[in-house]
Amino acid sequence: MLKTTAGPSARIAALDFTKGALVLFMVLYHWLNYFVAPQGDFYRYLRFLTPSFIFITGFLISNIYLRKYGVADRRLPRRLILRGLKLLGVFVCLNVGIGLLFADSYNGEILFGRLSLRDIATIYLTGNVWVAANAKAAAFYILVPISYLLLLSALLLIASRFYRYAFHLTCAFFLLCILLLALNGFESANLELLAIGLLGVISGYTPIEKINACVSHPYALFLAYLCYIAVITLWNVTYPLQLVGVFLTLMLIYHLGARSGAPGKIREQVILLGKYSLFGYIAQIAVLQLLHRGLRHVSFGVVALGLTLFAAFALTMASVALIDRLRTKAVTVDWLYRAVFA
């Protein structure tokens, strides 16, 4: 049985649980980067991660914020623009800081310093952050397409006052562009992620009660997910399959978060992590950096590797619990958090 009641401005625990679970999957993804291998066939099973963050951002715009403010309220476009610019600022500041701290290298394979104008243009225009086989030109790249989605959504919200299908038309145009690029041997990560974000906005127009009804058939969802796993095992993850993976994975996670009854300790912590998903996303990188640098000379067996993963999960969740507690105790901390993350 699923929870279906929530006021127009109340937080939906199942959505926070979904965001928190995505952060934990991101911890796993980056732990694999640091402690196992930067590349491998196993990454195909985590290809849903980045687009899922974009999708759920779009979903929240229409399902939560649009229902709270209304399409005619000018505060929502302003809020989205401010939020989008903040994320771009956070992205730039984090990468400048990393460049100053680690000079030309970071984690051995990922480069951040001394970018050419072409590299910078590539990050912001196409979204291709790989400048070599094992070298990235920027960290926290996910913040760029999320910020673009927020900025674009602000414009489309204004347009939707005059044409109600502004999001739908723009999404269809982006998907057509992706198809034409693919037919000519090109791709744009930013364009692909923006299209997924717009699909999230469109999906968010669905009332939460209908979504709860849709995910109330876990066996069918699980069977569909197993079929998806079998397909990507055989053919890897193409863009259409990535879309399928995003929908199926998010529905399964949401189903787990929407179960009725008092949440246990672990579920409560995942929900809290979801409330601080952006902070948690940044914190887990810092946690993994500390673990990686502190244990770089240690030879890992299977048990030791498992302990580093457990430590990464635990320290990420502890950092979120700490910031949540500090916000209730210190007005300055709360103000700083809101200034950067809210």
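So between residue 286 and residue 305, what do we pick up on full extension, going 0.36 nm a residue minus the alpha carbon distance?
5.1 nm
Before I look further, what does the chain give for accessible area per residue, probe 1.4 Å, in whole square angstrom?
Numbers: 17650 Å² over 342 residues.
With all protein chains present, the chain gives 52 Å² per residue.
Which trypsin sites (Lys or Arg not before Pro) does the stretch 254-342 hold that lie in a coil by DSSP with at most 16 other beta carbons within 10 Å?
Qualifying residues, ordered by number: 296.
Give me the extension gain from residue 72 to residue 92: residue separation times 0.36 nm, minus the current Cα-Cα distance, reported in nm with one decimal.
Roughly 4.0 nm would be gained on extension.
State the percentage of accessible surface on the stretch 264-333 attributable to carbon and sulfur atoms; use a 1.4 Å probe and exclude ligands, DNA and RNA.
With neighbouring chains kept in place, the figure for the stretch 264-333 is 70 percent.
Quote the convex hull volume per residue of the stretch 276-342, based on C-alpha atoms, as a whole number of Å³.
Values: hull volume 5.3 nm³, N = 67.
Residue-normalised Cα hull volume stands at 79 Å³.
Specify whether the C-alpha gyration tensor of the stretch 222-342 places it in the rounded, prolate or oblate class, a ≥ b ≥ c being the square roots of the eigenvalues: rounded for a/c under 1.5, otherwise prolate if a/b is larger than b/c and oblate if not.
Oblate, since a/c reaches 1.5 and b/c is not below a/b.
Starting from the Cα of residue 169, step 7 Å along the direction of its Cβ; do the same at residue 217; then give the gap between the two resulting points in nm.
3.4 nm
Quick one: grab the alpha carbon gyration tensor of the stretch 159-240, order the square roots of its eigenvalues as a ≥ b ≥ c, and give me rounded if a/c is under 1.5, else prolate or oblate depending on whether a/b is larger than b/c.
oblate
From the helices alone, meaning DSSP H stretches of at least four residues, give me the mean residue ellipticity at 222 nm for the chain, per-run term -39500 (n - 2.57), in deg cm²/dmol to the nearest 500.
-22500 deg cm²/dmol
For the charge dipole of the stretch 33-97, defined by +1 on Lys and Arg C-beta atoms and -1 on Asp and Glu C-beta atoms about the Cα centroid, which residue among 77, 61, 91 has the Cα displaced farthest towards the positive pole?
77
Pop out the carbon and sulfur fraction of the accessible area of the stretch 185-260 as a percent, whole number, probe 1.4 Å.
Details: 2700 of 3670 Å².
Carbon with sulfur: 74 percent of the solvent-accessible area.
Roughly speaking, what is the stretch gain from residue 318 to residue 295, that is 0.36 nm per residue apart minus the C-alpha to C-alpha distance, in nm to one decimal?
The residue 318-residue 295 span can extend by a further 6.3 nm.
Under the √(5λ) rule applied to the eigenvalues of the Cα gyration tensor, what semi-axes describe the equivalent ellipsoid of the chain? Give them in Å, descending. Please report the intermediate quantities before stating the final value.
Working: eigenvalues 169, 126, 106 Å².
The three semi-axes for the chain are 29, 25, 23 Å.
Hey, can you list the DSSP H helices of the chain whose Cα span along the axis is 20 Å or longer and whose average Kyte-Doolittle score is at least -0.5?
13-35, 75-102, 143-159, 166-183, 189-204, 218-235, 239-257, 277-294, 302-329
Give the distance, in whole Å, between the Cα centre of the stretch 206-256 and the Cα centre of the stretch 263-319.
Result: 26 Å between the Cα centres.
Under a Cβ-only charge scheme (Lys and Arg +1, Asp and Glu -1), can you give me the dipole magnitude of the chain about the Cα centre, in debye to the nearest 20?
1080 debye
Given R₀ = 51 Å, what would the calculated FRET efficiency be for residue 325 paired with residue 182, taking r from the Cβ atoms and rounding to 0.05?
The pair residue 325/residue 182 has a calculated efficiency of 0.60.
Along each of its three principal axes, how wide is the spread of alpha-carbon positions in the stretch 221-284, in whole angstrom units, largest first?
38, 31, 14
The values are calculated or read from the model by the stated rules, or taken from the named source; none is laboratory data. Not measured: the values here are computed from a predicted model. When we count neighbours, we look across all protein chains shown, and the Cβ atoms used for this are built from the backbone with ideal geometry, even at glycine. Side chains included, ligands, DNA and RNA excluded: accessible areas come from the protein's heavy atoms. Shrake-Rupley method; radii C 1.70, N 1.55, O 1.52, S 1.80 Å.
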